[in-house]
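The values are calculated or read from the model by the stated rules, or taken from the named source; none is laboratory data. This one's a predicted model, so the numbers in the text were calculated from it and none came from an experiment. No Cβ is skipped: glycine too gets one built from the backbone with ideal geometry, and neighbour counts run over all protein chains shown.
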Amino acid sequence: MQSNPFTRHARQVHTVAHGGASEGGGDPSIARSWLRCLEDYHLDPALIEAPVVLEHGRLQESRERLRQVLQIAEHEMNSLHQQLSGAGHAVLLTDARGVILNCVTAPAERRSFERAGLWLGADWSEAREGTNGIGTCLVERQALTIHQHEHFRGRHTGLTCSASPVFDPHGQLLAVLDVSSARPDVSRQSEFHTMAMVTLSAKMIESCYFLRQFEQYWLLRFHVQAESVGLFSEGLLAVEGDGRICAANQSALNLLGRVRGGVVGQSLEDFFTCRHDEVFSRATPGGSAVWPLNTVDGRLVFASLRGQAPAPVWSVPAAQPLPVPEVQPQVCLLDPALQNHFRRSVRVFERNVPLLLRGETGCGKEAFALAVHQASGRRDKPFVAINCASIPESLIESELFGYRGGSFTGARKEGMRGKLLQADGGTLLLDEIGDMPLDLQTRLLRVLEERQVVPIGGEPQAVDVRIISATHRDLLQRVEQGTFREDLYYRLNGLEVALPAVRERSDKAQLLDFLFREEAKGQLIDIASCARQALLAFAWPGNVRQMRNVLRTLVALCEHTHIAFADLPDIIREGSPLRAGAGLPASGPEALKDAECQTLLAALQAKHWHLTRVAEYLGISRNTLYRKLRKHNLNRPA
């Protein structure tokens with residue numbers, strides 16, 4: 001009879017709830033929930049009854065109360081359903097009482113989920129339906145999975161439910177996001193992946209709701225990792241105009257190591273080592289700029305601030321305008337040799353002659369290419385850059401040429417326009433061209449000769465694009481090694497431009513001022529003379545990229561609008577063989593090589609040979625760092 005399995009399940013519930021052993025070892029939280037269902041709610045696990053469903057009017061009232069949450073959650077729920085491959089899953093959102101307010105499932109499966117009791121308006125609180133994903137999540141206030149026979153009621157043992165709570169900015173339970181499946185082959189192990197996606201989606205809903213609730217406030221986003229600012233794990237603080245914190249999400253509390261009552265109502269200055277008006281000066285309307293920020297307990301976090309920054313003022317005099325060409329480039333080109341390179345590059349580029357830029361990593365090849373594009377007749381057309389070294393070899397073909405929808409497993413349904421077609425009518429920069437795989441070099445050469453692009457799985461399309469290539473490698477040497485096509489080399493090398501390293505530029509002082517103005521964004525900051533001299537004397541092995549990163553950090557950490565010698569990084573203040581007062585080394589190539597070696601050693605020692613941190617500090621890639629370590633025969637001491 002149908003009741004037999006329900007009866008057996010009921011006996012198991014009573015046994016486990018009262019301290020007996022379960023068949024599978026059991027989860028203590030499940031036993032606690034079963035005991036609540038028996039002793040607090042007086043539920044019968046064998047009883048078969050329909051769920052309690054709110055009438056239409058009351059359901060609409062409940063939906064109206066959470067209208068903003070439902071609007072935010074709609075996209076996340078649909079996205080989550082698609083990520084789960086749809087079939088066999090229902091994505092549900094309930095209110096804080098456990099009433100289902102929205103359900104996303106395949107239309108053909110809706111009736112089967114309704115038969116399981118997953119109706120709009122159905123009450124799935126633990127007091128009504130016993131142990132289940134939604135109701136038990138509400139009680140435990142944490143993400144959990146209730147797998148099949150872990151449900152209290154026998155009629156629900158065909159379901160597997162993974163649920164995560166959604167909290168409001170004040171820490172109150174707002175809703176529950178749940179994924180339920182009625183498939184019999186769902187294992188508990190397979191739910192780990194589902195549970196992770198549900199939790200991530202719930203955190204995204206929380207964050208979006210927080211941002212929406214405090215649109216009119218200053219919003220500080222922060223994390224210990226710069227790349228995590230803007231992601232679901234970031235801390236969020238809503239701040240009043242006087243610097244008082246009026247709301248904080250759980251991640252902010254975790255990052256600050258405080259409870260909610262110890263944060264809300266306090267000043268930013270109680271947690272960070274700068275005045276609140278200094279923080280506000282870094283604000284942007286979209287909160288896109290990320291900068292380092294120290295906590296009062298000595299930890300470094302990275303932050304961005306959404307808001308309208310005060311009108312800025314800048315004290316460093318503006319650079320002298322470049323007389324040629326007519327359109328001024330947004331880069332510093334006061335070195336006479338660079339000016340000549342730029343003038344010649346624009347002239348040949350206007351005649352559709354390809355440029356090949358050569359120079360050390362970080363010396364500004366992309367910025368130079370963009371300046372050429374902006375000074376050309378194509379300035380109003382797209383400028384598209386692709387780094388041939390940073391994209392996995394398996395993806396670079398689709399990135400460059402694009403593909404037709406459905407042409408391979410994992411392809412987007414709508415297809416993708418490759419970089420060549422994105423740059424149609426404008427300019428394409430092929431950065432680190434020396435690292436492009438040989439078979440793609442052949443396809444690129446055909447495109448350049450035929451002026452047609454053939455997306456993967458698609459038909460030929462005409463393309464009008466001008467090419468600028470850039471590399472830090474010796475391409476002729478790679479031609480001799482057989483790793484770069486000779487015909488492609490001559491096709492790309494219409495004019496070769498050798499861009500100097502920072503240490504070789506005569507306009508290093510003007511470059512320093514130019515980058516400082518950009519990073520200060522109008523703040524009134526002055527630099528001590530000795531600090532400025534140390535910056536100018538430094539060898540800058542990471543070139544412009546390293547200089548920009550150091551200046552960005554100095555500006556972000558600057559207090560009282562003054563940068564002193566003591567504020568400089570150790571590698572510049574103490575580790576550089578070119579530090580202020582040390583005297584210049586002997587001239588010649590060997591002196592530069594020795595300076596680079598000493599700078600690398602100082603950085604390695606300062607960062608305890610943590611190569612990722614050394615690369616970030618120097619503003620170079622890990623591959624470039626490895627190459628320089630081999631060049632100088634530097635090995636970690638035993």
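Remarks
- Residue pairs whose Cβ atoms lie under 8 Å apart, separated by 6 or more positions or on different chains, with the first residue in segment 198-210 and within 14 Å of residue 248 (Cα to Cα) and the second surrounded by fewer than 21 Cβ atoms within 10 Å (Cβ to Cβ) and among the basic types (Lys, Arg), do not occur.
- Single condition residue 524 does not satisfy, out of (1) farther than 22 Å from residue 357 by Cα; (2) within 34 Å of the chain's Cα centre (by Cα); (3) surrounded by 14 or more Cβ atoms within 10 Å (Cβ to Cβ): (3)
- Looking at 199, 160, just one residue is surrounded by 16 or more Cβ atoms within 10 Å (Cβ to Cβ), assigned by TED's automatic domain parsing to the domain that holds residue 48 and either at pLDDT below 90 or within 30 Å of residue 287 (Cβ to Cβ) (or both), and that residue is 199.
- Candidates are the residues of segment 235-258 that are without any contact (Cβ under 8 Å) to a residue 60 or more places away in the chain and polar (S, T, N, Q); the one that is surrounded by the fewest Cβ atoms within 10 Å (Cβ to Cβ) is 254.
- Elements of type strands (runs of 3 or more DSSP E) in segment 56-171, at least 3 residues being within 26 Å of residue 42 (Cα to Cα): 144-147, 160-167
- When segment 174-190 is filtered for residues that are touching a helix residue (DSSP H, G or I) at 6+ places or on another chain (Cβ under 7 Å) and either assigned to a strand (DSSP E or B) or exposed (fewer than 14 other Cβ atoms within 10 Å of the Cβ) (or both), the ones remaining, listed by number, are 174, 175, 176, 177, 178, 179, 180.
- Checking each residue in segment 197-242 for being β-branched (Val, Ile, Thr) and over 27 Å from residue 178 (Cβ atoms) picks out 224, 229, 239.
- Looking only at residues of segment 536-571 that are of a type outside the set (Ser, Thr, Tyr) and on the phi > 0 side of the Ramachandran plot, we find that the one that is surrounded by the most Cβ atoms within 10 Å (Cβ to Cβ) is 540.
- Screening segment 134-157 for residues that are at pLDDT below 95 and among the small types (Gly, Ala, Ser) and picking the one that is surrounded by the fewest Cβ atoms within 10 Å (Cβ to Cβ) gives 143.
- Being assigned to a helix (DSSP H, G or I) and buried (at least 20 other Cβ atoms within 10 Å of the Cβ) is a property that holds for residue 33.
- Output for segment 171-191, where each listed residue is of a type outside the set (Gly, Ala, Ser), farther than 20 Å from residue 139 by Cβ and in contact (Cβ under 8 Å) with a residue 12 or more places away in the chain: 183, 184, 186, 188
- Test: residue in segment 371-382 that is assigned to a helix (DSSP H, G or I), at pLDDT below 90 and under 23 Å from residue 452 (Cβ atoms): no
- Test: residue in segment 388-406 that is of a type in the set (Val, Ile, Thr) and at pLDDT 90 or above: no
- Considering residues of segment 334-390 that are in contact (Cβ under 8 Å) with a residue 40 or more places away in the chain and acidic (Asp, Glu) only, the residue surrounded by the most Cβ atoms within 10 Å (Cβ to Cβ): 360
- Of note, residue 488 satisfies the criterion of being buried (at least 20 other Cβ atoms within 10 Å of the Cβ) and either at pLDDT 90 or above or of a type in the set (A, V, I, L, M, F, W, C) (or both).
- Qualifying residue in segment 118-132 (condition: under 33 Å from the mean Cα position of the chain (by Cα) and outside the structural domain of residue 251 (by TED's automatic domain parsing)): no
- Segment 341-359, residues that are more than 10 Å from residue 470 (Cα to Cα) and in a loop (DSSP other than H, G, I, E, B): 351, 352, 353, 354
- Matching residues in segment 283-303 - criterion: being of a type in the set (Gly, Ala, Ser) and either in contact (Cβ under 8 Å) with a residue 40 or more places away in the chain or surrounded by 14 or more Cβ atoms within 10 Å (Cβ to Cβ) (or both): 283, 287, 289, 303
- Among the criteria (1) in a loop (DSSP other than H, G, I, E, B); (2) touching a residue at least 40 places away in the same chain (Cβ under 8 Å), the one residue 194 does not fulfil is (1).
- Which numbered condition residue 186 fails, given (1) under 27 Å from residue 12 (Cα atoms); (2) over 35 Å from the mean Cα position of the chain (by Cα): (2)
- Checklist (1) closer than 30 Å to residue 617 by Cβ; (2) of a type in the set (Val, Ile, Thr); (3) out of contact with any His (no Cβ under 8 Å at 6 or more places or on another chain) applied to residue 525, failing item: (3)
- Of the residues making up segment 92-120, those that are at pLDDT 95 or above and on the phi > 0 side of the Ramachandran plot number 1.
- Residues in segment 100-115 that are buried (at least 18 other Cβ atoms within 10 Å of the Cβ) and either among the hydroxyl-bearing types (Ser, Thr, Tyr) or within 17 Å of residue 156 (Cα to Cα) (or both): 100, 105, 113.
- Test: residue in segment 540-551 that is assigned to a helix (DSSP H, G or I), touching a strand residue (DSSP E or B) at 6+ places or on another chain (Cβ under 9 Å) and not hydroxyl-bearing (Ser, Thr, Tyr): no
- Wholly enclosed helices (runs of 4 or more DSSP H) of segment 417-503 bearing at least 3 residues under 28 Å from the mean Cα position of the chain (by Cα): 419-422
- Enumeration of residues in segment 552-578 that are modelled with pLDDT of 80 or more, among the hydrophobic types (A, V, I, L, M, F, W, C) and out of contact with any strand residue (DSSP E or B) (no Cβ under 9 Å at 6 or more places or on another chain): 558, 565, 566, 568, 571, 572
- Members of segment 211-234 found to be within 20 Å of residue 274 (Cα to Cα) and without any contact (Cβ under 8 Å) to a residue 24 or more places away in the chain, listed by number: none
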